[in-house]
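The values are calculated or read from the model by the stated rules, or taken from the named source; none is laboratory data. Because the structure is a prediction, the values reported are computed rather than measured. No Cβ is skipped: glycine too gets one built from the backbone with ideal geometry, and neighbour counts run over all protein chains shown.
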Amino acid sequence: MTKRENLLRTIKRNGPQWVPHRHDGALSLLKPKVVQRPPKGGLDDWGVRWIDTNTDEGSYPDGKPVLDIDHIESLQPPRTDWSAVTDDMRRQVASRANEDTLPIAYNEMVLYERAQLLLGTTNFLMAVALEPEKVESLLDKIAAYGRRLTQAVLEAGVAGVRFTDDWGTQTALFISPPSWRRLFKPRLKILYDAVKEHGGLIFQHSCGHIGEIVPDLIEIGLDVLDPCQPAANDIFAWKRLYGDKLSFMGGLDTQSYLTFGTPDEVETAVADVASVMGRGGGFIAAPSHTITIPDANRKAMLRALDKINRRYLHRQTTRG
């Protein structure tokens with residue numbers, strides 16, 4: 001079985017032969033030819049300024065609003081050359097045609113974070129509470145652009161789209177579940193539907209505590225949820241409650257053992273997580289955040305995954 005085939009079986013929970021992980025090359029995340037998060041700082045396509053950090057983690061927004069909630073009608077979405085986006089993505093897919101990998105396109109900061117960046121965090125949260133109708137008007141514009149971007153990358157032949165939007169703090173959603181369901185769920189469904197119309201897979205990234213809305217994500221068609229931040233969510237409960245309907249990526253804790261543990265502690269913890277989350281498929285192992293971890297711990301993580309996968313393959317060989 002190829003790595004791509006095993007990954008697809010994992011996502012569909014259809015008898016994978018081993019637990020795939022983000023470092024094995026089975027999954028390729030491709031960025032479209034748009035400027036959503038300038039890696040070296042500067043303006044993105046929506047006019048938000050980003051600051052270069054000179055680290056592997058990339059740039060971060062300067063936090064200054066570029067739009068007033070009372071002037072939503074003045075917002076002009078980026079004038080993107082969709083043909084160029086599709087052509088560039090098609091080249092990226094073609095360059096991996098001989099690789100054993102599944103190409104998935106990014107669509108970053110699709111709704112919540114884009115509105116927050118445009119209005120500024122304080123103004124955005126105040127508007128959610130006091131002027132939700134105006135927030136809906138803004139989100140309609142953002143969603144229309146996001147749907148067109150989604151269509152453009154899918155036309156290039158990617159297998160699906162990974163949307164990103166961080167909805168949670170360490171202990172709760174940034175906004176109430178009812179507000180999320182009113183403002184974001186129907187517009188997120190518009191984006192998900194665009195993927196399903198092309199027969200694609202839907203990945204959704206959201207850091208933080210998001211447990212209250214996981215059933216909503218399943219309802220509108222999500223295939224894979226990441227990064228499954230274990231310090232903010234009970235991911236074993238997720239597996240128990242939703243593992244027959246949803247697959248997971250991430251789950252290896254950068255807030256504790258991957259960053260601060262010993263290699264032996266890392267091996268033990270990774271094996272524990274993979275043995276639970278990987279049961280019956282539905283789990284792509286990965287660190288819960290894209291940050292630099294000690295090299296010895298990274299190697300210990302890979303050793304643990306290699307050991308558990310050798311046991312998986314041995315059991316299947318002996319059964320055969």
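Some notes on this structure:
- Test: residue in the range 69-79 that is in a helix (DSSP H, G or I), surrounded by 17 or more Cβ atoms within 10 Å (Cβ to Cβ) and either in contact with a Phe, Trp or Tyr (Cβ under 9 Å, 6 or more places away or on another chain) or modelled with pLDDT under 95 (or both): yes
- Yes/no for GLU99 being crowded, with 19+ Cβ neighbours inside 10 Å, under 25 Å from the mean Cα position of the chain (by Cα), of a type in the set (Asp, Glu) and in the same structural domain as PRO39 (by TED's automatic domain parsing): no
- If you go through the range 89-113 and keep only what is within 11 Å of VAL158 (Cβ to Cβ) and aromatic (Phe, Trp, Tyr), you end up with just TYR106.
- Residue match in the range 269-279 (condition: over 21 Å from ARG9 (Cβ atoms) and either without any contact (Cβ under 8 Å) to a residue 24 or more places away in the chain or in contact with a Ser or Thr (Cβ under 9 Å, 6 or more places away or on another chain) (or both)): yes
- Those residues of the range 170-222 which are of a type in the set (A, V, I, L, M, F, W, C) and out of contact with any Leu (no Cβ under 9 Å at 6 or more places or on another chain), in sequence order: ALA172, LEU173, ILE190, CYS207
- Filtered by the rule that a residue be surrounded by fewer than 17 Cβ atoms within 10 Å (Cβ to Cβ) and either free of Cβ contacts under 8 Å to residues at least 60 places away in the same chain or in a strand (DSSP E or B) (or both), the range 23-32 gives a lone residue, LEU29.
- Against the list (1) of a type in the set (D, E, K, R); (2) farther than 30 Å from SER275 by Cα; (3) modelled with pLDDT under 95, the condition ARG22 fails is (2).
- Some residue of the range 97-108 being assigned to a helix (DSSP H, G or I) and farther than 15 Å from TRP46 by Cβ: no
- Taken together, GLN92, GLN170 contain a single residue that is in a loop (DSSP other than H, G, I, E, B) and polar (S, T, N, Q), which is GLN170.
- Residue in the range 204-218 that is among the polar types (S, T, N, Q) and more than 18 Å from GLY146 (Cβ to Cβ) present: no
- Annotation note: Cβ proximity below 9 Å between a residue of the range 122-143 that is surrounded by fewer than 17 Cβ atoms within 10 Å (Cβ to Cβ) and a residue that is aromatic (Phe, Trp, Tyr) (sequence gap 6+ or interchain) occurs for LEU125/PHE174.
A quick yes/no check of all residues on (1) within 30 Å of ARG303 (Cα to Cα); (2) modelled with pLDDT of 95 or more; (3) among the basic types (Lys, Arg):
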residue	(1), (2), (3)
PRO32	no, yes, no
PRO39	no, no, no
ASP44	no, yes, no
ARG49	no, yes, yes
